[in-house]
Amino acid sequence: MERIIIEIDESKCSGCGKCIPNCPEGALQIIDGKARLVSDPTCDGLGACLGHCPEGAIAIVKRQAQAYDERTVMANIVKQGPNTIRAHLKHLLDHDQIAYYEQATQYLAEKKVNFSPGQPAG
Ligand code: SF4
C-alpha cells in the first residue's frame, strides 16, 4: 500500500541516536552508525522523531510500505512501562488517530495492562 512514512537520508545522518528515544513505537535503530527504519509496520508516519534530528536527516514521504500495525507497536510500548503507554495514547489523540487509539486501548484491555502512574512495566 502507498502511505505516509518516514525516510532517513543516510548521507545526512550522523548516528547520534537522538531520534531513537522519540520513537517508542520501536521503528528506529542505529545500525552500522546510521539510524535505520527497521520495521514499516511500527512507523505511524506522524513524525515524532523529526524535530529531534539535529541534522535534518528525517523526512516524511509517501511511498509503498507495509501497513502500520497498532498491535505490534503496543507490544513494544507496553514493555517500556506506564509513562510510555500514556505518552503513546496522548500522541495518537493529539494527531486525531482515533482508530489507532481504540486499537491501542483494546490491546491494553485484552492484555489487562495497568498503565496508571507508578505501575511497573508490563
Ligand atoms: S537524530 Fe538524525 S542524525 Fe541523529 S541518528 Fe537520528 S536520523 Fe541520524
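None of the figures in this text is laboratory data; all of them are computed from the coordinates on show. Everything numeric here is computed off the predicted structure, so don't read it as measured data. Here the Cβ positions follow ideal geometry from the backbone for every residue, glycine too, while neighbour counts run over all protein chains shown.
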Task: 5 Å binning of all Cα-Cα separations within segment 2-64, expressed as whole percents from 0 upward - done: 4, 21, 34, 27, 12, 2
Open item on the list: Could you order the peptides 79-88, 12-21 from most to least packed, using the average number of other C-beta atoms within 10 Å per residue?
Closed with: 79-88, 12-21
Open item on the list: Just to compare against my own numbers: the Cα pair-distance distribution for the chain, 10 Å bins, whole % per bin, please.
Closed with: 14, 43, 32, 10, 0
TODO: Bin all alpha-carbon pair distances of segment 70-110 at 5 Å intervals from 0 and give each bin's fraction as a whole percent.
DONE: 6, 27, 38, 24, 5
Open item on the list: Take Ala59 and Ala87, extend 7 Å from each Cα along the Cα→Cβ direction, and tell me the distance between the two endpoints in nm.
Closed with: 2.8
- [ ] Determine which residues of segment 1-23 fall in the zone a paramagnetic label at Asp32 would reach in this model, i.e. backbone nitrogen under 18 Å from the point 7 Å along Cα→Cβ.
- [x] 8-17
